[in-house]
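The values are calculated or read from the model by the stated rules, or taken from the named source; none is laboratory data. Owing to the predicted nature of the structure, the values given are computational and were not obtained by experimental measurement. Here the Cβ positions follow ideal geometry from the backbone for every residue, glycine too, while neighbour counts run over all protein chains shown. We work out accessible area using only protein heavy atoms, side chains counted, and drop any ligands, DNA or RNA first. Shrake-Rupley method; radii C 1.70, N 1.55, O 1.52, S 1.80 Å.
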Amino acid sequence: MEVILAKTAGFCFGVKRAVDTVYEQTGKGNVYTYGPIIHNEEVVKDLESKGVKILNSEEELKALDKGTVVIRSHGVDRHIYDIINEKKLELVDATCPFVKKIHNIVDKDSREGRQIVIIGSREHPEVQAICGWCNSNPVVLENVDDAKRFEVDSKTELSIVAQTTFNHNNFNKIVEIFNEKGYNITVYNTICNATAVRQKEAAEIASQVDAMIVIGGRNSSNTQKLYDISKKECANTYYIQTLDDLDLATLESVDRVGITAGASTPHHIIKEVHGSMADEFGKMLEDSFAEDNRISPGKIVKGTVIDVKDDEIILNINYKADGIITKNEFSNDPNVSLKDKVHVDDEIEAKVIKTNDGDGQVLLSVKRVAAEKANEELEAAFNNEEVLKGVVTQVVDGGLGVTVGEARVFIPASLVSDTYEKDLSKYKDQEIEFKLTEFNPRKRRIIGNRKVLIEAEKKAAKEALFARINVGDVVEGSVKNVTDFGAFIDLGGADGLLHISEMSWGRVDSPKKLFKVGDNVKAFIKDINGEKIALSLKFEDSNPWLTAAEKYAIGNVVTGRVARMTDFGAFVELEPGVDALLHVSQISRERIEKPSSVLSVGQEVEVKVVDIKPEDRKISLSMKALLPEIETPAEEENEDAYVDEAPADEAAEAAVEETVEEAPVKEEAEEAVEETPAAEEAPAEEE
């Protein structure tokens, strides 16, 4: 028999402070407590024996002429203080500081016009005292159903507090209901931390034992909650006030017993119950060894193999009957050969399943011993947050079944990876690594988490990447995703954005025509802004403007393609990244209203360079200059000369200059900017 005592059992800080305070007053005479100092009959009786009396109403308080009044740990209404002061009685305030904090909150917020909502038991003195510090009528909600029924104008500002001993999980559920209703709430989590820790520990112990003992006064709210929590985890949960209430006979057949106690339970009572149980079960254990029958279900025994058959193993276990291990209880592998694995005279450790299998023999299990040992290893790994390895032996819609030794671990689909994976079949028969995030073998809940390792690995890779990269570095990566505004490149730890404007010195109509997922890309880092990396393929040594002055010197005749047109001219692409302006006045000797009347996008044209400014990335072209001279009468020549040599009209002169600025990295996909080619910056020079 193993007895597990909760570390948090017994007096909390506030209760101990209140009880000690009363005991300090006992020698003075005429000492009263307003209500029982705590909800524990043993403590109250002991204080009464020392002369401390209980005031149960305001009338009894008002009837006093002298004496000391101790305010209990639960606190009292504000007007009780007024009565004590009016009666000139000595006041000793033992209100728990955590309860006093709630009084201050509701006092302040109710003065500011906020509706106070108290989560707790209406009949509990702590809640009644909190109500007494509100400056308007508060609302008390005891459970989830109360919260669902609660209705208030959506404009009302609510302040939510909780009884210090309220169930933490239920409090969160009620708050969630308020959030779902869209109320304007301010939530104060006033549940005592000691209460939350005590409740959590009780649940953990109860889930691991065969029987649970909860010690505390019958009127203790926090003890009742400990009992309710324990009862959910362990059906054999018993509520007692003292050792006298405990029937040890009901616990004779259990292996593990847990003990916890409410915040108002004195330590000596807990110690008495714990010590008596240990003594009683120690005696029971000695008596059981004195009996002939020392074999019982759950017991681990060792035996020597005396025979091996195709479907079972027979052991001598030094008992009046032999032990039998069936093939099914030897291994989870249905194809295992017992004769290959086990031989006569081998010593085997097994667990007793039945003391009589129907034929007078003891049914044993090897695989359950192995599973228990594996579970012990898993528990250690869980406590130490170790990384485990296991083989995926089962794939279901909800996740993966992983075998670690003889133990089974389930990894939910949401914890298999850091991204959603619709098809988990690829993991079948694969060895994977994971951590345990939940370990409760009694409820068959051993939960693994692979996602946390992937996230940690990516975080480390990201930190390493940012530690080594700088603006200007050349990096390599693979295309992870392609959008209309650019491509995301996986650099091994973080993604870099290769914006459409940085893919080429020339115009790119669609990134999807240049890249596909999986392509390898070599680019340089243009900018690093926090965790955003901007990439570029516009390497300076490949800048076409480096050689443009030589290729497109004034007077050179070149061929280009009409890329786009405006009212004042056409832009001709001489090579990717180099656009030049063919002004409307330079298309023909005849006056042309719009370039589109004689040219079309994509048309190849032969032109003459009439001006170039490499530093501004501007080139002016002329088709007219390549036309043959036409002899005309002097008067017509003068007229033509006037037309030809006239400067571009004011609209052309005022054309918006285009600069070849590098497009900034966009914060989001939808912020992709519209590119404007460089050559559109200025109208043609006057001829």
What angle do you read, to the nearest 10 degrees and between 0 and 90, between the alpha-carbon axis of helix 267-290 and the longest principal axis of the chain?
80
Would you mind classifying the stretch 396-455 by shape? Square roots of the alpha carbon gyration tensor eigenvalues, ordered a ≥ b ≥ c; an a/c under 1.5 is rounded, otherwise it is prolate if a/b is larger than b/c and oblate if not.
prolate
Taking a ≥ b ≥ c as the square roots of the Cα gyration tensor eigenvalues, with a/c under 1.5 meaning rounded and otherwise prolate when a/b beats b/c, else oblate, which class fits the stretch 1-108?
oblate
Taking the dipole about the Cα centre of the stretch 462-591, with the C-beta of Lys and Arg at +1 and of Asp and Glu at -1, give me whichever of Trp545, Val508, Leu497 is farthest to the positive side.
Val508
How would the stretch 65-109 be classified by its alpha-carbon gyration tensor: rounded, prolate or oblate, with rounded meaning a/c under 1.5 and the a/b versus b/c comparison settling the rest?
oblate
Accessible-area value, Leu546, 1.4 Å probe, nucleic acids and ligands omitted, Å²:
100
Roughly how many Å² is the accessible area per residue of the stretch 1-155, as a whole number, for a 1.4 Å probe?
50
Other residues with Cβ under 9 Å from the Cβ of Gly120 give, with Lys and Arg +1 and Asp and Glu -1, a net charge of -1
In debye to the nearest 20, the charge dipole size for the stretch 482-619, taken about the Cα centre with +1 at each Lys and Arg Cβ and -1 at each Asp and Glu Cβ, equals 280
Could you give the angle, 0 to 90 degrees to the nearest 10, between helix 221-233's Cα long axis and the longest principal axis of the Cα atoms of the chain?
70
Restricting things to Cα coordinates, could you compute the convex hull volume per residue of the chain in Å³?
280
Check: the stretch 92-148 dipole with +1 on Lys, Arg Cβ and -1 on Asp, Glu Cβ, in debye
200
For the chain, the accessible surface attributable to carbon and sulfur atoms (probe 1.4 angstrom, ligands and nucleic acids excluded) amounts in percent to 45
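What number, rounded to the nearest 500 deg cm²/dmol, is the helix-based mean residue ellipticity at 222 nm of the chain, given -39500 (n - 2.57) per DSSP H run of at least four residues and division by all its residues? Walk me through the intermediate numbers first.
Numbers: 19 runs with 196 residues, N = 687.
Estimated from H runs of four or more residues: -8500 deg cm²/dmol.
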Using the Kirkwood radius over C-alpha pairs as Rh, can you work out the diffusion coefficient of the stretch 471-549 via Stokes-Einstein at 10 °C, viscosity 1.306 mPa s, in µm² per second?
124
When the charge dipole of the chain is computed with +1 at the Cβ of Lys and Arg and -1 at the Cβ of Asp and Glu, the Cα pointing farthest to the positive end, of Val127, His343, Ile240, is that of Ile240
Per residue, how many Å² of accessible area does the stretch 335-448 show with a 1.4 Å probe?
59
For the chain, give the magnitude of the charge dipole about the Cα centre (Cβ charges: +1 Lys/Arg, -1 Asp/Glu; no others), in debye to the nearest 20.
5040
Taking +1 at the Cβ of each Lys and Arg and -1 at the Cβ of each Asp and Glu, which of Val605, Gly477, Ser264 sits farthest along the dipole of the chain towards its positive end, judged by Cα position relative to the Cα centre?
Ser264
So the angle from the long Cα axis of helix 168-180 to the longest Cα principal axis of the chain, reported in degrees to the nearest 10, equals 40
P(r) of the stretch 44-167 over all Cα-Cα pairs, binned every 5 Å from zero, in whole percent
2, 10, 19, 19, 18, 13, 9, 6, 3, 1, 0
